[in-house]
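What follows is a short report on a single structure.
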Amino acid sequence: MVYKKVMDPVKPAAKEPKSRRLTNIERSSYFARREAAKVLKSVLQGDANRRAVGSIKTLVYSPSIRNKKATFALVCQTLKYLPIIKDVLEIANVLNSKWKRQVELMYIITYDILFGQDSSLTGDPEKYLILRKSQLQSALAKILLKKGAKRIEDLMSQYKIPADVKKPRYVRVNTLKLDVETAVSELSKDNMVEKDDMIPDLLVLPPATDLHNHPLVTNGSVFMQGKASSMVAVALGPKPGWEVIDACAAPGNKTVHLAAVMKGEGKIIACELNKDRVKRLEHTTNLAGATNVEVLHENFLNLNPEDELYSKVRAILLDPSCSGSGTVADRLDYLLPSHSHTSSDGDGGDVGRLLKLAAFQEKALIHALSFPGVERVVYSTCSIHQIENEDVIKSVLPFAAFLGFHLATPFPQWARRGLPVVEGSQHLLRTDPVEDKEGFFIALFTRNATRSPESPQKVERGSLENLKQEAVGKCDCHKKFLRARIPKTLVVWILSPAPILLYPPLSLFLHIDITDLR
């Protein structure tokens, strides 16, 4: 007898529920969180290594970020709450190795769940944390209890989370594309607009005015640029038709301002060493329509002043790498983890870094002054530290004087001047981080256009080269003294038997590799 196996009738497979289509708000929020995570990762890595590619604003408002407003808000708010978020995630212990590889995104989602809006949280990482929302809330409650805080605001004060700094919204009209009156007319349709009393193409709007998606911004007719930053190109004052070098040009706001001051005539050689920042610089110049800008992917210090290519250069703008201590509010550096670890003695808590910066700044300024046809050099920083400002000027003054340069006074009507630690401090310009909401420093060197280098100078340059070699040998010794914060006076001989005293002990020609500072 043959037995046949009776087969159960095949049941049709259960239909999987169709995934619901995301709403526009959900889709926008989903991508904003991922763009914010990308920016946050770059910010935190740059802060940890002290090699930031750019400020928070520069990274958020780069062309690759589509939803700029939402991304900016998420990055800033997550950074503000980051110390609390880290403690919550540690106590809740909800992140396995898989999710730790996406920790920046998990930070942002945790912010949204605990402090933001979790109504539009879609995506696998979001679902993972939403399922553990009670654990996150329980961890936050434990922190509140431990700190004796009743409200989140009380907890933030205990974590020393700073309040937002409010400052006017400054926008500079790009006169290569638009006249000031038309810009005022257009911007006044939605905002209160005033003209700045000192910078002719600068407009002042109320704090927190959001213009990032305004047509005049997106098409390069106006640039969001602070007042102090806008002073720099005007202080240099190159005339139309001149050849100019912007020594450390990226991201390019000052470069294109120079182009506007020169009415698009002449030539600007914009130097930038960092490859990623070169792309940003090129984008800025293209957006501004600054056709007289030539972007050069090169270390400014590698440019030979005696090269015929630069014989017609008449002005140099030097805005070198600096501590950025004067723009922590504008750059939002006060949100960075490293800011909470800085010391209160005004040196940024990192004397070694300031030493390297100041040494490079001196070297770059000396190099700028060495171009034989140059008549005007502006040295500017966004630092409040004397070591990066007046001390750099004091160190190079003998060299500058020998080449026929003297300090001139940019914006004589401006009240705040240099610290009285260097001869000619009344010519130096400072802005105050409290009064002016940003701390900048500007020094303007000028010399008579008819002066040309004499042959004795070549002899003296030989002596100065010997002095450079001497200084290199003493470099380590000087660093040890400075790190110990012991004042020391260095006596050098330059042009005559009369000694010149340099203080602080930063040698005129300390050898620092620029790649260490970028």
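Quick notes
- Residue-wise HN-Hα coupling along the range 363-369, computed from phi with Karplus coefficients 6.51, -1.76, 1.60 (Hz; x: Gly, Pro): 4, 5, 5, 4, 5, 5, 5
- Above-threshold pairs, the threshold being 23 Å between Cα atoms, out of LYS69/LYS166; LYS263/LYS363; LYS86/LYS437; LYS254/LYS394: LYS263/LYS363; LYS86/LYS437; LYS254/LYS394
- For ARG417, residues with placed amide H under 5 Å, excluding near neighbours: ARG430
- Ranked by the mean number of other Cβ atoms within 10 Å of their residues, highest first, the peptides 360-370, 285-295, 211-221 fall in the order 360-370, 285-295, 211-221.
- Dipole magnitude of the range 149-219, debye to nearest 20 (Cβ charges: Lys/Arg +1, Asp/Glu -1, about Cα centre): 400 debye
- At q = 0.23, 0.28 Å⁻¹ the log10 of I(q)/I(0) for the range 40-98 amounts to -0.99, -1.12, computed by Debye summation with a single uniform scatterer per C-alpha, solvent ignored.
- GLN135-ASP432 FRET efficiency (beta carbon distance; Förster radius 56 Å; 0.05 resolution): 0.75
- The range 94-155 and the range 397-422 have Cα centres spaced 53 Å apart.
- Cut-off 9 Å between beta-carbons: net charge of the residues surrounding MET224, Lys and Arg +1, Asp and Glu -1: +3
- Modelled spin labels at LYS127 and LYS86, positioned 7 Å past Cα toward Cβ, are 3.1 nm from each other.
- Each peptide in 393-399, 256-262 was scored by the mean count of other Cβ atoms within 10 Å over its residues; highest first, the order is 256-262, 393-399.
- At R0 = 30 Å, FRET efficiency that the Cβ-Cβ distance of HIS212 and ASP276 yields, to 0.05: 0.90
- Diffusion constant of the range 412-451 at 4 °C, which comes from Stokes-Einstein with the Kirkwood Cα-pair radius and 1.567 mPa s, µm²/s: 113 µm²/s
- Across LYS38/LYS275; LYS227/LYS312; LYS68/LYS267, pairs whose alpha-carbon gap is larger than 25 Å: LYS227/LYS312; LYS68/LYS267
Values in this text are rule-based calculations from the coordinates and carry no lab data. Not measured: the values here are computed from a predicted model. Every residue, glycine as well, gets a Cβ built from its backbone with ideal geometry; the counts of neighbours run over all protein chains shown.
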